[in-house]
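For reference, the structure discussed in these notes is given below.
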Amino acid sequence: QRATETGVRLMVDAEQSYFQPAISHLTLEMQRRFNRERAIIFNTYQCYLKEAYNNVTVDVELSRREGWHFSTKLVRGAYMEQERERAAKFGYEDPINPTYEKTNEMYHRCLDYILEEIKHSQKASVMVASHNEDTIKFTLRRWGLVRRGRCLALQWDVGHAVAARCLCSFPNTKVWLAG
């Protein structure tokens, strides 16, 4: 409630896949309640997970049907070794994309879907949280096709030089550099 009153955005971080359903459930409930007028609560989707695209599309559709603002932070993910070890230990399918390239494809596929939603809806936002120069370039190129007066948020960890090179190609783009 306080974040809504002060205009602060809250980004709920993601955890291991076996904890994530509970975290996502609580985050979606908060989005239903607080994202009516604008993006306040952001859910994090880890694109190293094989199910990332399905999760994004289901939640976007849910937000459309229920009329709240879909807002997300997209990340690649941080628990690859733990996830693989646990899957092997307990005998279930590894939830992680098999290669770095497949994770990149998943990230770009999810991002492209969300940017299309932004293009057609006033009720969608994305925080692009990436250390990857190619992803930032992909985002800025794609953003040029989507822009509707919204700012684009990129994580600053990549460094000033990378961001400056990318921005030179898109001089009229407003960018939030977070980090």
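The values are calculated or read from the model by the stated rules, or taken from the named source; none is laboratory data. Just so you know, these numbers come straight off a predicted model, no measurement behind them. Reconstructed Cβ throughout: ideal geometry from the backbone, glycine too, with neighbour counts over all protein chains shown. With ligands, DNA and RNA removed, areas are computed over all heavy atoms of the protein, side chains included. Shrake-Rupley method; radii C 1.70, N 1.55, O 1.52, S 1.80 Å.
State all residues of region 72-131 that are exposed (fewer than 13 other Cβ atoms within 10 Å of the Cβ) and closer than 24 Å to Glu37 by Cβ; if no residue qualifies, say none. Across region 72-131, the qualifying residues are His120, Gln122. The single condition among (1) modelled with pLDDT of 95 or more; (2) open to solvent by 80 Å² or more (accessible area, probe 1.4 Å) that Trp68 does not meet is (2). Might you let me know whether region 140-153 holds any residue that is charged (D, E, K, R), open to solvent by 70 Å² or more (accessible area, probe 1.4 Å) and at pLDDT 75 or above? For region 140-153, residues charged (D, E, K, R), open to solvent by 70 Å² or more (accessible area, probe 1.4 Å) and at pLDDT 75 or above: present.
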